[in-house]
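Shown next, in structure tokens, is the structure this report addresses.
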Amino acid sequence: MVNTNILFTDNNNTFKFELSISNMNFNLSKIPLRTKQPRDFGLTMISDKGLSLAETENLLSVASPHIDIVKLAFGTAMVTPLLAEKIKIYKSFNIPVFFGGLLFEAFIVRNQFEDYQKMMDKYELFFIEISDGAINISHEKKCEYIRTLSKNATVISEIGSKDKDKVKITPPYKWIELMQAELDAGSRYVIAEAKESGKEGLYRNSGEVREGLVEEVLTKIPAEKIIWETPEKEQQLYFIKLLGCNANLGNIEPKEVIALEAMRVGLRGDSFDFFLSDNG
């Protein structure tokens, strides 16, 4: 194992983090340093759409060193049997769990915000996703929810959901405004939306990255604060090439966690030459 302590500062926060080559079975040179768990960035956020308890245990038996956050996707938490037991399994590996933003919206549209807070307390969840893709609320109201919930939990908020309306695509300056406002309101991270299809928000209908959008956003918002939804391999590859092995990546299929980690460190065909240069 190789460890290096680093101090990172952005406009609002200072982070001390450790870079590490760990969880490796072989000794290879020119393997990039990954942030060490628990990570502030370099996150892999998986989307659990209904794994059984046995499947969850099997997944974590091999992939827990590479999973940082688990989203119980959209509204699946409402209908998942043995929900408390599943959450307990993830927590036993010190992996935070949160319910998909759609479930938050389902409570809000029914005027059940207090019930939502009680539910979070019941399951002892300290990560919360706040989104507004399926409901119409003002951005100020969304930020009000962020301010309220961030007092007692880590809030992750989602940007880009409104891009489901293909008639009017949100321009980059607006993404930046919304992201900054939500970070200022108390979000720990902002999610750049792609939906499960990987063909909305951050991406074109073809699944290609809106590169101009990404480049402009990164001139104002630190990459460490953004979780890029990347359900497709080519999307994951794009952000690893652009930002390095410690890009924050979300909406990862559980079965792809090990393959993604190999890609991150240049051990998959698509990323094989990313880190071989002495300057890479």
(message) Taking the conditions exactly as written (touching a Cys at 6+ places or on another chain (Cβ under 8 Å) and under 26 Å from K151 (Cβ atoms)), does A192 satisfy them or not?
(response) no
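Scan the stretch 218-259 for residues that are among the aliphatic types (A, V, I, L, M) and in a strand (DSSP E or B) and jot them down. Let's see the steps before the verdict.
Initial filter on the stretch 218-259 (among the aliphatic types (A, V, I, L, M)): 218, 221, 223, 226-227, 237, 240, 242-243, 247, 249, 252, 257-259.
Within the stretch 218-259, I226, I227, L249, I252 meet the criteria.
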(message) I'd like the full set of residues that are under 28 Å from P38 (Cα atoms) and either over 21 Å from the mean Cα position of the chain (by Cα) or not hydrophobic (A, V, I, L, M, F, W, C) (or both), limited to the stretch 99-112.
(response) G100, G101
(request) Give the number of residues within the stretch 59-118 that are out of contact with any strand residue (DSSP E or B) (no Cβ under 8 Å at 6 or more places or on another chain) and hydroxyl-bearing (S, T, Y). (result) 4
(request) Could you tell me which of the residues P231, P222 is surrounded by fewer than 22 Cβ atoms within 10 Å (Cβ to Cβ), within 24 Å of L260 (Cα to Cα) and within 14 Å of the chain's Cα centre (by Cα)? (result) P231
(request) Please specify each residue of the stretch 53-98 satisfying the condition of being free of Cβ contacts under 8 Å to residues at least 24 places away in the same chain and among the hydrophobic types (A, V, I, L, M, F, W, C). (result) A54, V79
(request) Considering each of Y189, Y203, Y238, Y145 in turn, give the residue that is surrounded by 16 or more Cβ atoms within 10 Å (Cβ to Cβ) and at pLDDT below 95. (result) Y203
(request) Would you confirm whether any residue within the stretch 265-275 is crowded, with 17+ Cβ neighbours inside 10 Å, in contact with a Gly (Cβ under 7 Å, 6 or more places away or on another chain) and under 21 Å from I156 (Cβ atoms)? (result) no
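Going by the structure shown, is K86 in contact with a Leu (Cβ under 9 Å, 6 or more places away or on another chain), in a helix (DSSP H, G or I) and among the basic types (K, R)?
Details: in contact with a Leu (Cβ under 9 Å, 6 or more places away or on another chain): yes; in a helix (DSSP H, G or I): yes; among the basic types (K, R): yes.
When the stated conditions are applied, K86 passes them.
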(request) Please enumerate the residues belonging to the stretch 172-183 that are of a type outside the set (V, I, T), touching a residue at least 24 places away in the same chain (Cβ under 8 Å) and surrounded by fewer than 19 Cβ atoms within 10 Å (Cβ to Cβ). (result) P172, Y173, Q180, A181
(request) Look through the stretch 73-98, keep the residues that are farther than 22 Å from R39 by Cβ and of a type in the set (A, V, I, L, M, F, W, C), and return whichever of them is surrounded by the fewest Cβ atoms within 10 Å (Cβ to Cβ). (result) V79
(request) Run P81 past the list (1) under 20 Å from the mean Cα position of the chain (by Cα); (2) part of a loop (DSSP other than H, G, I, E, B) and report the number of the one that doesn't hold. (result) (1)
(message) Looking at the stretch 157-164, can you tell me whether even one residue there is modelled with pLDDT of 95 or more and buried (at least 18 other Cβ atoms within 10 Å of the Cβ)?
(response) yes
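Being β-branched (V, I, T) and under 20 Å from G100 (Cα atoms) is the filter; apply it to the stretch 22-69 and report the residue that is surrounded by the fewest Cβ atoms within 10 Å (Cβ to Cβ). Don't jump to the end; show me each part of the working.
From the stretch 22-69, those β-branched (V, I, T) are 31, 35, 44, 46, 56, 62, 67, 69; that's our starting set.
Subset that is under 20 Å from G100 (Cα atoms): 44, 46, 56, 67, 69.
Working: T44: 23, I46: 27, T56: 19, I67: 23, I69: 22.
It comes out as T56.
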(request) Would you be able to say whether some residue in the stretch 205-223 is closer than 30 Å to L51 by Cβ, of a type in the set (K, R) and touching a residue at least 12 places away in the same chain (Cβ under 8 Å)? (result) no
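The values are calculated or read from the model by the stated rules, or taken from the named source; none is laboratory data. Only a predicted model underlies this, so the values are computations on that prediction, with no experimental measurement involved. Here Cβ is always computed from backbone atoms with ideal geometry, including for glycine, and neighbour counts include all displayed protein chains.
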